[in-house]
Amino acid sequence: MTRRYAGIAWTGEGYRVEVVDETGRRAVEPSGWGGAQVAELIAWLRDLDGGPTPAVVLDSTNGLLDGPMTAAGLEVYRLDPWQLPPRPRFGSVPAERLAEQARTAPDALARVTAEGGSLTGRAADYAEAERRSAPVLAALSAAGRYFEHGDRSTPRVALTFDDGPDPVHTRQVLEILDRYGARASFFCVGHHVAAMPDEVRRIAAAGHELGSHSWSHPFLPDLTPDQVREQLDRTAEAVARVTGETPTRFRPPYGALSPEVLAALDGYPTALTMFDVDSRDWTRPGPERIAANVLNGAGPGSVVLMHEGAGDRGQTVLALPSIIEGLLERGLELVTVGELAASPGTDGERPLDR
Ligand SMILES: [Zn+2]
């Protein structure tokens, strides 16, 4: 039984997939998939005839597939920039290059696990970027361009949902929010916005806030300044095409920044928006645990991190009613991040230049 590798590249249109066997022979014709077809792509890989299920090979500019794919039991590997030729300004290196690199140097691949997430094995890089960013972030915070939570005497909380929209979970989250008259903020990825404009329209029509969460969920410190700006510009355009409004908030994937990324974003009319309560829903610890993480951590002024896209977010959906009820019982109003930031008593955030 020979091993097979499925290189998966992202482009402005969706995913390109190239599957090769151990000898470098194409196992199947290359194929293209839309951003809303991840479940179909997973099923296709599992059912691929003629050999074992291919190992999936992504690069560090793609944080959208490893979650659903590891959860589905696929073997997922990540290639990092120093192993690959330079990427284009927009898009990953081609799928055949990813597959070929994996085939010829399989020992250099980093295995991505469900527990470790997209950045499995890169904790040191992450910590280094965080350490180097600290002084810049302190300056941005002082200038009101970095928002983690609102005023602690304001009886309001902002729930935020990252990585969407999603063909299944967005509607479920919206339905629950509507049931309680709650508003929230959705930090969407451009790749999904372009593929699922109807879901974005639903979010906007229900009065929620749309923020940007990059195009392909990359580890931003791996990107050149041009690539960073392209991720933001394309996502802003994709959102504006659907809603008529450009997002004014940006949440970096993994919260990962570097002085170079921050310099690339200098002058952007966007506020960096983080959170002070992590539901840790992406680890899928069960709905009760997710609800407890939020309810134990949240208080007046909190910004809560949750996810509604790029994976099976069924647990988040199940946890949401208890989360909302628990917060409402404490007299907390559920608002968007923009509303929280504009609440009386919240200082340190200036209105942004549009
Ligand atoms: Zn994310």
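Data overview
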quantity	calculated
Filter result for GLY326 (more than 16 Å from the ligand (Cβ to nearest atom), modelled with pLDDT of 95 or more, surrounded by fewer than 20 Cβ atoms within 10 Å (Cβ to Cβ) and in the same structural domain as ARG171 (by TED's automatic domain parsing))	yes
Condition check for ASP353: of a type in the set (Asp, Glu), within 16 Å of the ligand (Cβ to nearest atom) and at pLDDT below 95	no
Test: residue in the stretch 13-20 that is charged (D, E, K, R), under 22 Å from THR120 (Cα atoms) and surrounded by fewer than 19 Cβ atoms within 10 Å (Cβ to Cβ)	no
Scan of the stretch 301-323 for residues that are acidic (Asp, Glu) and either more than 16 Å from the ligand (Cβ to nearest atom) or over 23 Å from the mean Cα position of the chain (by Cα) (or both), ordered by number	none
Condition check for ALA139: part of a helix (DSSP H, G or I) and surrounded by fewer than 14 Cβ atoms within 10 Å (Cβ to Cβ)	yes
Candidates SER118, SER141 - the one that is among the hydroxyl-bearing types (Ser, Thr, Tyr) and touching a strand residue (DSSP E or B) at 6+ places or on another chain (Cβ under 8 Å)	SER118
Unmet requirement for LEU119, which otherwise passes all of (1) within 16 Å of the ligand (Cβ to nearest atom); (2) part of a helix (DSSP H, G or I); (3) surrounded by fewer than 21 Cβ atoms within 10 Å (Cβ to Cβ)	(2)
Subset of the stretch 220-277 [in contact with a Phe, Trp or Tyr (Cβ under 8 Å, 6 or more places away or on another chain) and either of a type in the set (Ser, Thr, Tyr) or not assigned by TED's automatic domain parsing to the domain that holds GLY144 (or both)]	THR235, TYR254, TYR268, THR270, THR273
Residue in the stretch 232-240 that is more than 17 Å from SER216 (Cα to Cα) and either within 16 Å of the ligand (Cβ to nearest atom) or in contact with a Ser or Thr (Cβ under 6 Å, 6 or more places away or on another chain) (or both) present	yes
Yes/no for GLY181 being more than 16 Å from the ligand (Cβ to nearest atom) and either over 21 Å from ARG87 (Cβ atoms) or aromatic (Phe, Trp, Tyr) (or both)	yes
Failed item, numbered, when LEU41 is tested on (1) touching a helix residue (DSSP H, G or I) at 6+ places or on another chain (Cβ under 8 Å); (2) farther than 24 Å from ASP107 by Cα	(1)
In the stretch 262-284, the residues that are within 12 Å of the ligand (Cβ to nearest atom), surrounded by 20 or more Cβ atoms within 10 Å (Cβ to Cβ) and free of Cβ contacts under 8 Å to residues at least 60 places away in the same chain	ASP281
Output for the stretch 241-256, where each listed residue is free of Cβ contacts under 8 Å to residues at least 24 places away in the same chain and within 16 Å of the ligand (Cβ to nearest atom)	GLY255
Sole residue being over 19 Å from LEU65 (Cβ atoms), more than 19 Å from the chain's Cα centre (by Cα) and in contact (Cβ under 8 Å) with a residue 60 or more places away in the chain, chosen from PRO287, PRO259	PRO259
Residue match in the stretch 216-223 (condition: of a type in the set (Phe, Trp, Tyr), assigned to a helix (DSSP H, G or I), under 15 Å from the mean Cα position of the chain (by Cα) and within 16 Å of the ligand (Cβ to nearest atom))	no
Any hit, the stretch 169-185, residues being assigned to a strand (DSSP E or B) and within 24 Å of PRO321 (Cβ to Cβ)	yes
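So that you can scan it fast, the table gives a plain yes or no per residue for (1) out of contact with any strand residue (DSSP E or B) (no Cβ under 6 Å at 6 or more places or on another chain); (2) more than 27 Å from GLU260 (Cβ to Cβ); (3) among the polar types (S, T, N, Q):
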site	(1), (2), (3)
GLY190	yes, no, no
ARG202	yes, yes, no
SER216	no, no, yes
ASP226	yes, no, no
GLU230	yes, no, no
GLU237	yes, no, no
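The values are calculated or read from the model by the stated rules, or taken from the named source; none is laboratory data. Remember, predicted model here, so these are calculated numbers, not experimental data. Please note: Cβ atoms are built from the backbone with ideal geometry, for glycine as well, and neighbour counts cover all protein chains shown.
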